[in-house]
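Next up is a structure, given as structure tokens.
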Protein chains: 2
Amino acid sequence: MQSQDIRKAGLKVTLPRMKILEILENHGNKQGARHVSAEDVYKHLLANGEDIGLATVYRVLTQFEAAGMVNRHHFEGGHSVFELAGEHHHDHIVCSQCGHIEEFVDESIEARQHSIAKERGFELREHCLILYGNCVKENCPHR
Amino acid sequence: MQSQDIRKAGLKVTLPRMKILEILENHGNKQGARHVSAEDVYKHLLANGEDIGLATVYRVLTQFEAAGMVNRHHFEGGHSVFELAGEHHHDHIVCSQCGHIEEFVDESIEARQHSIAKERGFELREHCLILYGNCVKENCPHR
DNA sequence: TTTGCTGCAAATGCTTTGCATGTAG
DNA sequence: CTACATGCAAAGCATTTGCAGCAAA
């Protein structure tokens, strides 16, 4: 039950928060739709007939982020993308043509990052690794 | 002479473009100041008594980027940072506290990135790897 | 002279905030 | 009942664009 997650985050369980979490979860199952912008969430809410303001979407996503329930990424082009925080860390590879996003984890890269930070006197807190390229999926426009 | 670089980019050699390039170069020598925002460039211009509009700074930086003379990075927090395009590619490590930026290159990471992209059917075009952490430089506020 | 450049101000696009009302606990 | 949530509209930023005047080639 997601109401527990919301309560645990120290937030009141309200309809907007439930619905937004629901959308994040539903799209977490679909391929390629795991990462949504605030605008995306808002559109889905409207499509579901919910009457929730865009400002609330931003507020709630920010609160979820603060609570560690979702992660926010700043991809190219300015706007942010949110995804339900999974158990496991991962990086992204994005298609420049169709926007298709895949996740990956590479232990050797993770390890090197720590060494690099340490060598330079940094205490590594987080990192952002995004590969941009052209994919060869059958539905990619440029293929 | 930087007027050559501008001309080679197919742009007219004008005072604003010269001055902006100059600022990019001057700060390319200082440690930690290699990466500047449009606003930074604008402030330096004002400080130097130049009467150049912020819009022009953005326009020129964008043109320089298109010409491959500078690189643009989207760091956390929304705004872009520009740096003179060096000969060699590199990644960044940024201090979350003081904003100090260092560059690094790690061949093993570069190599893994290519393998990862290839394995997933992507033709890698570029990537963005930024490590965020706390540095232990003597001038870092939190130290 | 002609085409491209500039400053200014206004317009954008994404995100945040102020405020009066509404509601979970 | 009280503190926190919400919707709406307005405000904020970083960045872009329209336009009339200017300047490089």
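Every number here is computed from the coordinates shown, using simple stated rules; none is lab data. As the structure is a prediction and not an experimental result, all values here were calculated from the model. When we count neighbours, we look across all protein chains shown, and the Cβ atoms used for this are built from the backbone with ideal geometry, even at glycine.
Residues of segment B:56-74 being in a loop (DSSP other than H, G, I, E, B) and out of contact with any Gly (no Cβ under 9 Å at 6 or more places or on another chain), which ones?
If the condition is that a residue be in a loop (DSSP other than H, G, I, E, B) and out of contact with any Gly (no Cβ under 9 Å at 6 or more places or on another chain), then B:68, B:69 are the ones that fit.
Given the conditions (1) more than 30 Å from residue B:125 (Cα to Cα); (2) within 8 Å of DNA strand C (Cβ to nearest atom), and given that residue A:46 satisfies all but one, which numbered condition is not satisfied?
Answer for residue A:46: the failing condition is (2).
Exactly one of (1) at the interface with chain B (Cβ under 10 Å from one of its Cβ atoms); (2) assigned to a helix (DSSP H, G or I) is unmet by residue A:78. Its number?
(2)
Taking interchain pairs and intrachain pairs at least six residues apart, which have beta carbon atoms under 8 angstrom, with the first residue in segment B:13-26 and touching a residue at least 60 places away in the same chain (Cβ under 8 Å) and the second among the acidic types (Asp, Glu) and away from DNA strand D (no atom under 14 Å from the Cβ)?
From segment B:13-26, no pairs qualify.
Report, ordered by the first and then the second residue, all pairs with beta carbons closer than 7 Å, sequence separation of six or more or different chains, a first member in segment A:51-63 that is closer than 15 Å to residue A:24 by Cβ, and a second member that is within 7 Å of DNA strand D (Cβ to nearest atom) and of a type outside the set (D, E, K, R).
Short answer, once both residue conditions are applied: A:52/A:16; A:56/A:16; A:60/A:16; A:63/A:11.
How many residues does segment A:61-81 contain that are in contact with a helix residue (DSSP H, G or I) (Cβ under 9 Å, 6 or more places away or on another chain) and more than 9 Å from DNA strand C (Cβ to nearest atom)?
Total meeting the criteria: 6.
Enumerate the pairs (first residue in segment A:114-125 and at the interface with another protein chain (Cβ under 7 Å from one of its Cβ atoms) and surrounded by fewer than 15 Cβ atoms within 10 Å (Cβ to Cβ); second residue anywhere and part of a helix (DSSP H, G or I) and aliphatic (A, V, I, L, M)) with beta-carbon separation below 8 Å, excluding pairs fewer than 6 apart on the same chain, so at least 6 apart or on different chains.
Sorted first by the residue in segment A:114-125, then by its partner, the pairs are A:123/A:117.
Condition first: more than 9 Å from every other protein chain (Cβ to nearest Cβ) and either of a type in the set (A, V, I, L, M, F, W, C) or closer than 17 Å to residue B:133 by Cα (or both). Now tell me which residues in segment A:95-113 satisfy that.
A:98, A:101, A:105, A:110, A:111 - these are the residues of segment A:95-113 that are more than 9 Å from every other protein chain (Cβ to nearest Cβ) and either of a type in the set (A, V, I, L, M, F, W, C) or closer than 17 Å to residue B:133 by Cα (or both).
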